[in-house]
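Presented below is the structure to which this report refers.
We did not get these values from a lab; they are worked out from the coordinates using the rules stated. These figures come from a predicted structure and were not determined experimentally. Neighbour counts run over all protein chains shown; Cβ positions are idealised from the backbone, glycine included.
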Amino acid sequence: MEIKNVDILLNKSVKFLESIPETVIDERLADRISRDSRSVHVGNVDYETTKDMLEEVFCKCGRVERITIPLNKNTEKTMGFAYILFELQQSVDEPLKMHGFMLRNRPIRVLPKIN
């Protein structure tokens, strides 16, 4: 891509961002911070582990709102980690105690999504 075309795209992007009211950006940022504060990162997850398996383990810690298991774009296979979003921020403390828990013969790593 030519430098001129990149400049045009950047200018359009900047103008678009400037057109978004600050309150919308603030609300989106606040929503993201809220979700992240209610989430944990689960590492060393076996590639065959499903959302249902994770929910069965982590539902004991609090109400699970969503489980995300990212996929490799090229292979469409799981990447060995997951994010678990809980309904309440207080629920995040319990799963942190599961760091080292054996799931499908692997010790999982459980860390807060926000440090």
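Assorted remarks:
- Neighbours of Lys97 by Cβ distance under 14 Å: Lys/Arg scored +1, Asp/Glu scored -1, total 0.
- Here the 3J(HN,Hα) profile of segment 38-53, calculated from phi with Karplus coefficients 6.51, -1.76 and 1.60 at θ = phi - 60°, is 9, 10, 10, 9, 10, x, 6, 7, 4, 5, 9, 5, 9, 4, 4, 5 Hz, Gly and Pro shown as x.
- Trypsin sites (Lys or Arg not before Pro) within segment 58-100, DSSP loop, no more than 11 other Cβ atoms inside 10 Å: Arg63, Lys73, Lys77, Lys97
- At most 16 other Cβ within 10 Å, DSSP loop - chymotrypsin sites (Phe, Trp or Tyr not before Pro), segment 73-115: Phe101
- DSSP-assigned coil residues among GluC sites (Glu not before Pro) in segment 28-100, each with at most 15 further Cβ atoms within 10 Å: Glu48, Glu76, Glu87
- Here the Karplus relation 6.51 cos²θ - 1.76 cosθ + 1.60, evaluated at θ = phi - 60°, turns the backbone of segment 108-113 into coupling constants of 7, 10, 10, 9, x, 5 Hz, with x for every Gly and Pro.
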